Amino acid sequence: MLDIIEVAHHEAGHAVAAFVLNLKIARKGLTIVPNEQSRGSVSLPPRFRERLDTTPGGSLPPSDRIRIENYAIAACAGDEAQKRFNPHRRYQGHDDVEYAEKLLSNISGNDDICSARLKVARLEARSLVNKHWDEIEAVAATLLEHKTLTPEQAQEAWSKATRFLIVLPKVSVPRREIERFAKSLRAKYRKAGIVLN
């Protein structure tokens, strides 16, 4: 069960980063329902992916360069959220890092610059996750309850969490209690008059 909770935090990290960075999530939304390729996913708009696949490096306008950097940060945010949730787990964000690297190669003149940009994106993702941890937990709790969220449902959970944050004491929660913790977090939001759908 811990595995699915980690995946929920991973996908919530991607989603919250996308919302914070004013990025779009495609209609498929986010899910923790596994498929042949992954244990969960957050879908990006296909038009953006396709345009990048055909764009030669270095010829993008500054606004697209910033968007690419932001999508790379969002790609790295899933792994950073999963690491924060469970610092002892094995690293599993290889596809996300490869995707971020592919994005950044579109705006990098060479491999060294791309590697440097990737390191910056990962540091930015870690900072974003730490700053927005309560929102990530709220989206993860909603995702655990529903398994799949539309972009609107995920954004609603994020928006409610940004309007009213419950500060919980820092406690060590045994692994077998993690699922109960997600339920109790949702109950605390409900008690405060906030219903996360």
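Taking other Cβ within 10 Å of each residue's Cβ, how do TYR99, TYR71 sort, fewest first? Kindly include the intermediate steps, with their values, before the conclusion.
Numbers: TYR99 18, TYR71 25.
Ranking TYR99, TYR71 by Cβ neighbours within 10 Å, fewest first, gives TYR99, TYR71.
The residues packed around ARG126, meaning those with a beta-carbon under 13 Å from its beta-carbon, carry a net charge of +2 if Lys and Arg are +1 and Asp and Glu are -1.
Could you order peptides 10-19, 139-148, 112-121, 126-135 by the average number of other Cβ atoms within 10 Å of their residues, highest first? Write down the numbers at each step before the final one.
Values: 10-19: 29.3, 139-148: 21.9, 112-121: 15.8, 126-135: 18.4.
Averaged packing, sorted descending, gives the order 10-19, 139-148, 126-135, 112-121.
Converting phi to 3J(HN,Hα) with the Karplus coefficients 6.51, -1.76 and 1.60 and the offset θ = phi - 60°, the range 121-133 yields 4, 5, 5, 4, 5, 4, 4, 4, 4, 5, 5, 10, 4 Hz in sequence order, with x at every glycine or proline. With a threshold of 22 Å on the Cα-Cα distance, the over-threshold entries among LYS24/LYS102; LYS28/LYS131; LYS102/LYS160; LYS24/LYS160; LYS131/LYS160 are LYS28/LYS131; LYS102/LYS160.
Once the chain from ALA187 to SER127 is taken as fully extended at 0.36 nm per residue, the excess over their C-alpha distance is 18.8 nm.
Values in this text are rule-based calculations from the coordinates and carry no lab data. Just so it is clear, the model here is predicted, and its values are computed rather than measured. Neighbour counts run over all protein chains shown; Cβ positions are idealised from the backbone, glycine included.
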